[in-house]
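What follows is calculated from the coordinates using simple rules that are stated; it is not laboratory data. If you're wondering where the values come from, they're calculated on a predicted model, not measured in any experiment. Cβ atoms come from the backbone with ideal geometry, glycine included; neighbour counts cover every protein chain shown.
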Amino acid sequence: MDNHSGADMVEFGPHTHVLVTGGAGFVGSALVDLLLARNCTVTVIDDLSNGMLRNLPASDPRLTIHTFRIGDPAYNAAIHDEVGLADAVFHLASPIGVQRAHKERFAVTSGILESGCAIVEACRVHRCPLLYTSSSEVYGSGRDRPITESDPVTTDLRPRWGYAAAKAAVEHLVAGLFFDFGIPTWIVRPFNMAGPRQRSATGLVLPMFVDAALRGEPLVVHDDGEQRRAFLHVADAAEGLLLVMQCRSLRGRPVNLGGSEAIQIRNLAKIVVDATATSAPIVMKPSSAVFGDRFAVTYDRVPDTSLLTTMTGWRALRSTKQTVVDCIEHMRTERAIA
């Protein structure tokens, strides 16, 4: 018999046990750091396909780490056991990276759906509060103004959008937990999280730029480089996730989480070159030359985060430049260790 039937809201403190899927990733580990700082006990489940154990304070007695893939039927019982013990679940585990989504549509789409269904079902059975990190990819190619939560979710059958469609499908399941079963749930759509512990192997733009600059290799900017993004420091993102889960008014609805400083990608490349004090060149390439003709290009993708700010008081404390600097410092340290 579960012990969540009366659960409604979550307070993060010494008597709270939290399950974080994908907790060894760069966002997940920042969240784990914050939860431990609040004196919670934490269990992490991560198959280490993107995350790394060294991102976590493994010797901390308040932290338990399991390394298996959520969605693998062999571990369904283990998932139910862990969700049954938790006061709250943050589901961050997911394949990441535009390159992987484009090249491995089946694996990425099925991975998101399998892990999402496994977590949602366990939270339904045990009536456990759940926060799900979706993605700004659900908004498709973007808009020439800040994107609000009421903007349509749009995709087509080009390979990249399998990721977005799967994320959106799990959003419906998570919303159903709240509206159909009365289980508290929250849906967060992150926009370009960045900072320490990001890896270039994921194909994310900032760590790829930093890695190239540190190697003195060309920073490859796609198309004209005028596409805009707003980057959010991972520590500010972790704070946002906690605040969302503590807000009753945000249950069962999507919430944007991202930065407010819109920057063109070609200008981001210049900032990285300047901050690394290297002479790495910046080169422009058509995205079709990198990914092929079926690649879905995104233009401006900048969030309107007024809902989050109004409801919780959250705001980003770290600038884009600070985010870039922290990413560089971490990657330099990693290179020195290697």
Here region 254-269 yields Karplus 3J(HN,Hα) values (6.51, -1.76, 1.60; θ = phi - 60°; whole Hz; Gly and Pro given as x) of x, 9, 6, 9, x, x, 10, 8, 6, 9, 6, 4, 5, 6, 4, 4
Where a ≥ b ≥ c are root eigenvalues of the Cα gyration tensor, a/c under 1.5 meaning rounded, otherwise prolate if a/b exceeds b/c and oblate otherwise, region 234-338 counts as oblate
Along region 26-41, Karplus-curve 3J(HN,Hα) (6.51, -1.76, 1.60; θ = phi - 60°) to the nearest Hz, with x for Gly and Pro, reads 6, 6, x, 5, 5, 5, 4, 4, 5, 5, 5, 5, 8, 6, 6, 9
With -39,500 (n - 2.57) per DSSP H segment of 4 or more residues and division by the full residue count of the chain, the 222 nm estimate, nearest 500 deg cm²/dmol, is -12500 deg cm²/dmol
Net charge (Lys, Arg +1; Asp, Glu -1) of residues whose beta-carbon lies under 14 Å from that of His66, His66 excluded, is -4
Dividing the mean separation of Cα pairs under 8 Å (6+ apart) by the residue count of region 132-172 yields a relative contact order in percent of 52
Excluding residues fewer than 8 positions from Lys103 in its own chain, the lysines with Cα under 23 Å of it are Lys167, Lys285
For region 69-81, in residue order, the Karplus 3J(HN,Hα) values (coefficients 6.51, -1.76, 1.60; θ = phi - 60°; whole Hz; Gly and Pro = x) are 8, 5, x, 6, x, 5, 10, 4, 5, 5, 4, 4, 4
The relative contact order of the chain, taking Cα pairs under 8 Å that sit 6 or more residues apart, comes to a percentage of 19
Contour minus Cα-Cα span, Thr278 to Phe68, at 0.36 nm per residue, comes to 71.6 nm
Cβ-Cβ cut-off under 15 Å around Asp236, Lys and Arg +1, Asp and Glu -1: the net charge is 0
With Cα springs under 10 Å, the Gaussian network model of the chain assigns the largest mean-square fluctuation among Asp236, Asp60, Asp33 to Asp60
Here the alpha-carbon Rg of region 153-204 over 2.2 N^0.38 Å rounds to 1.48
Here the relative contact order (percent) of region 69-142, from C-alpha pairs under 8 Å and at least 6 apart, is 46
